[in-house]
1. Do you know which residues across the stretch B:200-220 are of a type outside the set (Lys, Arg) and under 13 Å from A:TRP117 (Cα atoms)?
2. Quick check on this structure: which one of A:LYS16, A:LYS32 is among the charged types (D, E, K, R), more than 14 Å from every other protein chain (Cβ to nearest Cβ) and crowded, with 19+ Cβ neighbours inside 10 Å?
3. Just wondering, is there one or more residues in the stretch A:173-182 that are modelled with pLDDT of 95 or more, buried (at least 20 other Cβ atoms within 10 Å of the Cβ), more than 9 Å from chain B (Cβ to nearest Cβ) and in a helix (DSSP H, G or I)?
4. I'd like to check something: does the stretch A:8-19 contain any residue that is free of Cβ contacts under 8 Å to residues at least 40 places away in the same chain and within 11 Å of ligand 1 (Cβ to nearest atom)?
5. Quick one: how many residues across the stretch B:187-202 are more than 17 Å from the chain's Cα centre (by Cα) and more than 7 Å from every other protein chain (Cβ to nearest Cβ)?
6. Within the stretch B:179-193, which residues are crowded, with 21+ Cβ neighbours inside 10 Å and either under 30 Å from B:ILE221 (Cβ atoms) or not hydrophobic (A, V, I, L, M, F, W, C) (or both)?
7. Enumerate the pairs (first residue in the stretch B:268-284 and within 19 Å of B:LEU61 (Cα to Cα); second residue anywhere and part of a loop (DSSP other than H, G, I, E, B) and not small (Gly, Ala, Ser)) with beta-carbon separation below 7 Å, excluding pairs fewer than 6 apart on the same chain, so at least 6 apart or on different chains.
8. Hey, does the stretch A:39-47 have a residue that's hydrophobic (A, V, I, L, M, F, W, C), surrounded by fewer than 24 Cβ atoms within 10 Å (Cβ to Cβ) and within 20 Å of the chain's Cα centre (by Cα)?
Amino acid sequence: MTQPNDMLLNLAGVCKHFGGLAALSGVSLHIKRGEIYGLIGPNGAGKTTLFNVITGLYQLDEGTFNFDGSDYACCKPHVLAQAGIARTFQNIRLFANMSALENVMVGRHLRTRSGIWGALTRNRAARVEEQAIEERAHELLRYVGIHRPSNTLAKNLSYGEQRRLEIARALATEPKLLALDEPAAGMNATETESLKELMKKIRASGITVLLIEHDVKLIMGLCDRVAVLDYGKKIAEGVPEQVRNDAAVIAAYLGTDSPRPHAGEGQGVRVSE
Amino acid sequence: MKLHRPANRHLLLALALLVLPFVIDALFGHGWVRIADFALLYIMLALGLNIVVGYAGLLDLGYIAFFAVGAYTYALLGSPQFGLHWPMYVVLPLGALFACFFGVLLGAPTLRLRGDYLAIVTLGFGEIIRIFMNNLNAPVNITNGPQGISSIDPLHVGTFSFAGQHELFGIGFSSVHQHYYLFLAFTLLVAFVSLRLQHSRIGRAWMAIREDEVAANAMGINTRNIKLLAFAMGATFGGISGGLFAGFQGFVSPESFSLMESIMVLCMVVLGGMGNITGVVLGGVLLVVLPEVFRHGAGPLQQALFGKIVVDPESLRMLMFGLALILVMLWRPAGLWPSTQRRRELMPDESVAQQEQDTVYDSAK
Ligand SMILES: Nc1ncnc2c1ncn2[C@@H]1O[C@H](COP(=O)(O)OP(=O)(O)OP(=O)(O)O)[C@@H](O)[C@H]1O
Ligand SMILES: [Mg+2]
């Protein structure tokens, strides 16, 4: 099936349990190519779990997971990276004792191929490839706005730079879908603003972005569509304006006494059960 | 002559390595050249383990098992044990291959394990191999059990035996000298391979796994294959070293492959500087040479000082060994000669202080 499909990621009825806890129950998501898709929800709603499922760190218990036209349920993380899903982590997971440059170079691993023989003989192909890896890594560092000496250790970068380095490393894998788990967490206003510009730039370059964020202002100003998770269920989905005024969403965030309805259906707001 | 030019420095180093056995011979005697030979074997082992522990960060406490596999392969195929006397250039690679195979065999089931758990399983593996060697003398006698295998063929190529006396340009080369050059060649080869791998796509993948396996996997590194590769490479080097050991020694028995040996090799890696080839070489040299110095020096020294032997030199050796380890770990936690990376890792960086200032400044604004 090679017909162009404007849906990049299709999740349907995804369930993930941890013992008795249903971290995800019947979540369906459909992400279009080229959009910035926001994923919000209170703490413990299952947002990161969903990321872990679509990047292969967790295997889903039920449901279907279709990416770019192929089925990827229960694949290993490196297979999904190969398929074109790259991510950042909520609690930064850089290679702390490698340089900023090396971190990004590792991201090039799956798009390059020189092996032991190339390493030992340093033949032409290996040298050319190595140089290309390094150049691309420098390029990406500049692209995300890290202007430190490239041999600075990752752990010696500032918090905001570390978040951006994670993005650079993810971009190095040439993803179709870039999944960012709270990239603005802990950033100040100026840093958040430049991050927003970066995300726009990434989208403009043709990469679809899936974004978990607590900063409502950022979400509202940036995302084309937003889904809201609460207790492992998708309680609302739609353009930011609709979602903001959705009764179920307000209830989830403010914890009103009104029975939490799986309602709140307006046009464009889907409800999953 | 400019000594700091790398080419000149390398030339000088090569020259020094070439004349070293003769200098040692002249200064300290024949026995010490033999010790230098052993040092080279251990350096090879340490370099192999460095790939597993230093690069990929997989703590392997049973590494000596691969040394044993290489040694026994050589011993079984080149001795009267089965009446096989295969040539060295067949048996050595075969030993390396077997060791590599066992490396993968050990690696495969332990892929999901990390840290302490991996250490314990590898430790068990090392013991299993040793116990196998110890007990494979019944019902069919393969390894000769605890007696070990003796009269192993010397290392030889065609009719040239490294154990015989030879003369070149009027200079006499005895067995230990010739083995020195042979082992040196292999050590340089192993060091070269390590160095090239370190600065390559594969080396980076190993280090990424060492730093954060989950992130490495999520970035598209097939952690299973890359970890197996580390085990296989490390084991191969161990196997080569083992084969050379068997041919040099002429005798192998399970005793030579105890847990203590694994720990010794690990100490060389850690003490010298994990991940750094120069450091690992230094660690290997020190841990082979210093105990020998004690063995030969402690007795006479005590005689001279107290008129009698107060502490048995052998136990003193272990005591000093332990003491040295503690001191190094206290004062140079990254090893005597750490890789620049590890050094940066364990030292405060002025950029961090600068950064802290920046943050303070930012929040004051
Ligand atoms: N590996 C795990 N084992 C057990 N429970 C888990 C595991 N991972 C997540 N959970 C649980 O699943 C639920 C959802 O967690 P998740 O991290 O996905 O929330 P989140 O929406 O990302 O929250 P936050 O906004 O705090 O990051 C939580 O109750 C969490 O404790
Ligand atoms: Mg989370």
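1. Passing the criteria: B:SER200, B:ILE202, B:GLY203.
2. Checking each option against the conditions leaves just A:LYS16.
3. No, the stretch A:173-182 contains no residue that is modelled with pLDDT of 95 or more, buried (at least 20 other Cβ atoms within 10 Å of the Cβ), more than 9 Å from chain B (Cβ to nearest Cβ) and in a helix (DSSP H, G or I).
4. yes
5. Final tally of qualifying residues: 1.
6. B:HIS179, B:TYR180, B:THR187, B:VAL190
7. Listed pairs, sorted by first residue: B:LEU271/B:LEU336; B:GLY272/B:LEU336; B:GLY272/B:TRP337; B:GLY273/B:LEU336; B:GLY273/B:TRP337; B:GLY273/B:PRO338; B:GLY283/B:LEU336.
8. There is at least one residue in the stretch A:39-47 that is hydrophobic (A, V, I, L, M, F, W, C), surrounded by fewer than 24 Cβ atoms within 10 Å (Cβ to Cβ) and within 20 Å of the chain's Cα centre (by Cα).
The values are calculated or read from the model by the stated rules, or taken from the named source; none is laboratory data. The structure presented is a predicted model; accordingly, all values stated were derived computationally and were not measured. Note that each Cβ is placed from the backbone with ideal geometry, even for glycine, and that neighbours are counted across all protein chains shown.
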